[in-house]
Amino acid sequence: MFDSLLFDLMLVILIGILSQWTAWKFRMPAIVVMSVAGLLVGPIFGLINPKDSMGDLFGPIITFAVAIILFEGSLNLDFKEIKGFSKPIARIVTIGAFIAWIAGALAAHYLAGLSWAVAFVIGGLFIVTGPTVILPLLRQAKLKPRPAAILKWESIVVDPFGALLAVFAFEFIKFLNSQVTLNALLLFFAASIFAVLLGWGAARIIGGAFERGGIPEFLKAPVLFAVVLFTFVFADEIMHETGLLAVTAMGMTMANMRLKSMHDIRQFKENISVLLISGIFVMLTASLDPHILIEIFNPRIIVYVLAMLFIVRPLSIGLATINTELNIREKILIGWIAPRGIVALTVSGYFATILLDNGYKDAELLTALTFALVFSTVVLHGFSIGFLAKKMNLTTTDESGVLLVGSSRFAAEFAKSVKETGNDVLLIDQSWAELSHARKLGLNSYVGDILSEQIDYHFDLAPYRYILAMTKTDTYNAHICSDFAPDLGSKNLYQTAFHVGNEDNGFSITGGQSLFSPAISIYDLEERMNVGHGIRKTLITKQYSYTQYLRERDDKSILLYILRADGAIEFFTPKTEPQAAAGDAIIALTSPEKIIERVKERLDEENSETAISYEKVEDLFIRNEKLEKPVIPGDAPLSAK
């Protein structure tokens, strides 16, 4: 209908971003939404055809996108983190990947009817699962740490190498068919080694420049973008298909250089990759010929997809994990979950063109075959992982872990009280210096942006049932609650109250609840900590009821949360005040006057012969000598049930 290149580009970007938002809003796999959207505006209604309107630019745009996407994946290959996993992950990414390649190639040849060359190329490519589709599924399913870690690292480690294995398979098949000589094959391997060295050298140079301050902050993202493209094109001009290897080596090298500016690098590639993944996927699906959609229902393709789902993947995982610590339930889950993503679809189009140019006519089937596998795996695995994990008892939905965003003194003391209850707790802040309070108390902490997609790469969010936003930026707190609402549900998202003067800023809170009773801002909480307020636990018993506690508590105290007898946590809010029963404990922020009064009462009750006078107790609080926080003699520690 429209033949304007400008219109096509606008619509591609708009549809891609809207698809991402729709997927986030309704908790759907983004790749499914983008696929449907691309099909609707492309082959179904014929609004656009990016391949026709872009002409010769279509191929280079796809190629550049693949290079950036592979660089993105390899930039997360920190070998220090991989070493922390036992042999299941090592076997899956080596033996499992090899078995999946051979079995996938056999299935492509005998079931889909592809030639050996095309079968081995596509078999190598289809070993990838892809972090862009795996990580959102893991967050949604809340898997236990071990299966979640294996699936995550398999997707990150194998993803960049699927295309490289396809390249080597293609060159080797040509050699066996005498289409290239031994010298040409050796030249290809030499060019591949050169590509690795080129990527390594580019990473060392650009990383060193970042560390020395040779590149200003505002130029880091553009310079890195230019160097990635230069590295890819330079290697590819020397020998076709080695550019992918070069950018992969570059990303892996930078990931393991421990660069202080890695946060800036990841911020760049995260922003650009979201646009690329959204736009390119829509471009590819919108450019499909209508007959390809019909070809998807070809019996050979259907049989091939079924074989990949129910034979190849379970077989590769089952054989690779023999004599490992994985139990049968974990093997079944990992053997089922293997959604293919953006890299599989984009790179298959890349190889389809190369194979057709080299005379392999059956490569015309690759696009339909790839789309059928990608769409089937994303839909089936995306909508079944949660159900299957729950049935196999591989979820962490019963955990009461707390993810606390913000690193003030109060936040650190609050996190310490949660840790002492036996529940997991983690503090996140964008400032290393601000996390000093957490480090002094021996708490787990992470420097980064909770709203960044990179969070999924560096630690597992599954053990954390609650997110508490306690930063000093109210709108940021609200954004956190809004962003995680589809994953955790608004009932598990909290933020401190808006600071005085910020209530009328026009920003409406969506998805979270105000913390504590009464509601109080982080500024006021900090101020109270500075004048001696402390976090105190009070046990509720049959003799000392919750009603009596409320009647006797200090008017200045802030009710924080209830620690249930079974170890679960329930937070106070202005709108909901949970009831405590015998065996529960109330955790509250109490004024120093009330604490001193309580100390005196305890001393009287126990008729203690302590040498510490009331005046000395008061003096210790006033001068803060040796007492880091108020302690009530006779009170049970927070870890006590």
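Here are some notes:
- Only protein heavy atoms count here; on that basis, with a 1.4 Å probe, residue 409 has an accessible area of about 80 Å².
- Residue 238-residue 26 pseudo-label distance in nm [points 7 Å out on the Cα-to-Cβ vector]: 4.9
- Structure note, pairs 142/491; 144/416; 25/416; 142/416; 87/144: Cα-Cα distances above 22 angstrom occur for 144/416; 25/416; 142/416.
- Computed in the context of the full set of protein chains, the accessible area of the range 1-74 at 1.4 Å probe radius has 74% of its extent on carbon or sulfur.
- For the range 322-332, 3J(HN,Hα) per residue [Karplus equation, 6.51 cos²θ - 1.76 cosθ + 1.60, θ = phi - 60°, Hz, x = Gly/Pro]: 5, 6, 10, 6, 5, 8, 5, 5, 5, 5, 5
- Remark on residue 395: its backbone amide H falls under 5 Å from those of 144, a criterion applied only to residues 5 or more positions apart or on other chains, H modelled at 1.01 Å from N.
- Taken about its Cα centre, the range 115-235 carries a charge dipole of about 440 debye when Lys and Arg each add +1 at the Cβ and Asp and Glu each add -1 at the Cβ.
- Sorted from greatest to least, the principal axis extents spanned by the alpha carbons of the range 268-369 come out as 45, 42, 25 Å.
- Looking at the range 513-577, the chymotrypsin sites (Phe, Trp or Tyr not before Pro) that sit in a DSSP loop and have at most 14 other Cβ atoms within 10 Å of their own Cβ are 544.
- Calculated FRET value between residue 226 and residue 379, using beta carbons and R₀ = 41 Å, to 0.05: 0.60
- Here is the size of the range 84-171 from its Cα atoms: Rg then Dmax, 14.2, 42 Å.
- Kirkwood radius and radius of gyration were both taken over the C-alpha atoms of the range 164-240, and their ratio Rg/Rh is 1.16.
- Residue-normalised accessible area of the range 345-421, expressed per residue, 1.4 Å probe, Å²: 34
- Shape category assigned to the range 121-173 from the gyration tensor of Cα positions, a/c cut at 1.5: prolate
- From the Kirkwood radius over Cα pairs of the range 1-48, Stokes-Einstein at 10 °C and 1.306 mPa s returns a whole-number translational diffusion coefficient of 144 µm²/s.
- Distance between the modelled labels on residue 102 and residue 364, one decimal in nanometres: 3.3 nm (7 Å Cα→Cβ projection).
- Anisotropy class of the range 540-588 from Cα gyration tensor, a/c 1.5 cut: oblate
The values are calculated or read from the model by the stated rules, or taken from the named source; none is laboratory data. Predicted model only: the values in this text are computed from it and were never measured. Backbone-built Cβ (ideal geometry, glycine too); neighbour counts: all protein chains shown. Side chains included, ligands, DNA and RNA excluded: accessible areas come from the protein's heavy atoms. Shrake-Rupley method; radii C 1.70, N 1.55, O 1.52, S 1.80 Å.
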